[in-house]
Amino acid sequence: MITEHAAAQWDLELDDLFLSIGHRFGRVELRRRMRDYVRGLLAPVARKNSWQLAEQAGHRTPDGLQHLLAGSKWEPDDIRDDLQEYVAGKLGEPDGVLIIDDTGFIKKGTISAGVQRQYSGTAGRTENCQIGVFAAYATARGRALVDRELYLPKSWTEDRERCRTARVPGEREFATKGELARHMVLRALASPLPIAWITADSAYGQDNRFRRLLEQSGVGYVLAVPKSQFSVGCSRIEVLFAQAPNEAWEEISCGEGAKGPRVYHWSAVRLPAVAEFDYQGEAPHRMRWALARRSISKPDEIAYYLAYAPLHVTVQELVRVAGARWAIEECFQAAKNECGLDQYEVRRYTGWFRHITLAMLAHAFLAATAHQPWEKGVPPVGRPGPSSSQWRRFGDSWQLVVPDPRT
């Protein structure tokens, strides 16, 4: 039960957040509408569209809140920048993880910006929907959505009249989800967010340009890849781990889930360094890895990862980063269920960004005030003995014996 003191403190912290972004709205009326809109997103309103949010705020009509999203002058990208600074101050940690993923928004008709029949991972099938590409930030202090882009299929970008009707900017050209992700990563790395790692699912991990961007940016990554992925100097990644000895698989938790620790069998192998990219002088400054995650109850279910990390990173740290990818799914669920992320009725391009950004702001406030650690650490694990295969144990990791191409 929330005490009167806790409720008052909650209101004070929310007012502080409003003050920090208020200068982005040039008129008093806009600032008041923004406050009413965000407070409504945080309130127990059944359907968080302009009509019900207006009723929650005591407005006679939804006109003011609709104007906030559709016709007023303010830049949602400015609020995104403020949001990133807010999350950095409230949740930031040196080992922070940036997570990239997309989610679908089921829609009717053909007018809403970016809508078409396309595959939605959220629905698990092809639906008439919009797709948003998002970035989330996660540490032991919490997790929150920090950036967003609306994916526009070629059916939109090649129809300029349709784009004009939906108020899509004239300069907006077609960009793949991977390209949108790369833009968000660069923005996040230039923001106050302390980021040590990037993680994403195989749709992004298999993109060589995405991985190369992260390497050039000097940030570590643990990226899911398909089983057909070729690893550095080796065969397909599924073949690589099919050769792993039994003792190379260790039971490790990759973080807390809804039903307790997420425990799997993990195997990690250090890959050969790439002379062109990984060396500073005569020695590598970063290490490449391949990882596999195997279900304990269903050992045929194996997921694969490529990683790029500092030299002295542990396998447990790589597993922690791999497990952090679930945090963005939890952000999607919480932002949709609690902050109306998917309950908008706007159709134009700018309206989508405005609603989504304010819903992200509301969700970030909840994350910042919860202070619930999401990563409890991992239990110590036993150390297996030596192997007779081409895999060799070095400290707490395995290394594949591959000839150095420079020798």
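The values are calculated or read from the model by the stated rules, or taken from the named source; none is laboratory data. Since we're looking at a predicted model, the values are computed, not measured. In this analysis, Cβ positions are derived from the backbone assuming ideal geometry, glycine residues included, and neighbour counts consider all displayed protein chains.
Scanning region 272-308 for residues that are small (Gly, Ala, Ser) and assigned to a strand (DSSP E or B), which turns out nearest to Asn208 (Cα to Cα)?
Of everything passing the filter in region 272-308, Ala307 is nearest to Asn208 (Cα to Cα).
Consider Pro94 against the criteria (1) surrounded by fewer than 21 Cβ atoms within 10 Å (Cβ to Cβ); (2) over 18 Å from Ala359 (Cα atoms); (3) touching a strand residue (DSSP E or B) at 6+ places or on another chain (Cβ under 6 Å): it satisfies all of them except one. Which criterion is unmet?
With (1) surrounded by fewer than 21 Cβ atoms within 10 Å (Cβ to Cβ); (2) over 18 Å from Ala359 (Cα atoms); (3) touching a strand residue (DSSP E or B) at 6+ places or on another chain (Cβ under 6 Å) applied to Pro94, the lone miss is (3).
List, please: which pairs have Cβ atoms under 7 Å, are six or more places apart or on different chains, and start with a residue in region 194-211 that is closer than 23 Å to Glu85 by Cβ and end with one that is basic (Lys, Arg)?
Note: pairs meeting the criteria are Thr199/Arg325.
Pick from region 291-311 the residues that are of a type in the set (Ser, Thr, Tyr) and closer than 18 Å to Ala200 by Cβ: which of them is surrounded by the most Cβ atoms within 10 Å (Cβ to Cβ)? Show your work before the answer.
Looking only at region 291-311, we keep the residues that are of a type in the set (Ser, Thr, Tyr), and these are 295, 297, 304-305, 308.
Next, from what is left, pick out any that are closer than 18 Å to Ala200 by Cβ: 304-305, 308.
Details: Tyr304: 23, Tyr305: 26, Tyr308: 24.
Checking each candidate, the answer is Tyr305.
Every residue in region 176-192 that is buried (at least 18 other Cβ atoms within 10 Å of the Cβ) and assigned to a loop (DSSP other than H, G, I, E, B), please.
Residue satisfying the conditions is Ser191 alone.
Where in region 1-64 are there helices (runs of 4 or more DSSP H), lying wholly inside it, with at least 2 residues that are charged (D, E, K, R)?
By residue number, 4-21, 28-42.
For every residue, the table says whether it meets (1) surrounded by fewer than 18 Cβ atoms within 10 Å (Cβ to Cβ); (2) at pLDDT 95 or above.
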site: Val346; (1), (2): no, no
site: Leu358; (1), (2): no, yes
site: Ala368; (1), (2): no, no
site: Pro373; (1), (2): yes, no
site: Lys376; (1), (2): yes, no
site: Pro380; (1), (2): yes, no
site: Ser387; (1), (2): yes, no
site: Asp396; (1), (2): yes, no
site: Leu400; (1), (2): no, no
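Tell me which residues, restricted to region 280-298, are modelled with pLDDT of 90 or more and more than 10 Å from Arg270 (Cα to Cα).
Scanning region 280-298 gives Ala292, Arg293, Arg294, Ser295, Ile296, Ser297, Lys298.
Which of (1) in contact (Cβ under 8 Å) with a residue 60 or more places away in the chain; (2) surrounded by fewer than 22 Cβ atoms within 10 Å (Cβ to Cβ); (3) closer than 29 Å to Tyr86 by Cα is the odd one out, the single condition Asp147 does not satisfy?
Only one criterion is unmet by Asp147, namely (2).
For the subset of region 44-87 comprising residues that are among the basic types (Lys, Arg) and touching a residue at least 40 places away in the same chain (Cβ under 8 Å), which member is nearest to Asp16 (Cα to Cα)?
Per the stated criteria, the residue is Arg80.
Please state which one of Asp77, Asp101, Asp82 is out of contact with any helix residue (DSSP H, G or I) (no Cβ under 6 Å at 6 or more places or on another chain), modelled with pLDDT of 95 or more and closer than 30 Å to Ala203 by Cα. Full working, then the answer.
On the way: Asp101 fails: out of contact with any helix residue (DSSP H, G or I) (no Cβ under 6 Å at 6 or more places or on another chain); Asp82 fails: out of contact with any helix residue (DSSP H, G or I) (no Cβ under 6 Å at 6 or more places or on another chain).
None of the other options fit; the residue is Asp77.
Residue under question is Val133, and the condition is that it be more than 23 Å from the chain's Cα centre (by Cα) and not in a helix (DSSP H, G or I); does it hold?
no
Checking Trp74 against (1) under 17 Å from Asp342 (Cβ atoms); (2) out of contact with any Ser or Thr (no Cβ under 8 Å at 6 or more places or on another chain), which test does it fail?
(1)
For the structure I just gave you, tell me whether Leu98 is of a type in the set (A, V, I, L, M) and under 27 Å from the mean Cα position of the chain (by Cα).
Yes, satisfied.
Please determine, by comparing only the residues of region 260-290 that are surrounded by fewer than 16 Cβ atoms within 10 Å (Cβ to Cβ) and closer than 14 Å to His312 by Cα, which one is farthest from the chain's Cα centre (by Cα).
So the residue we want is Ala283.
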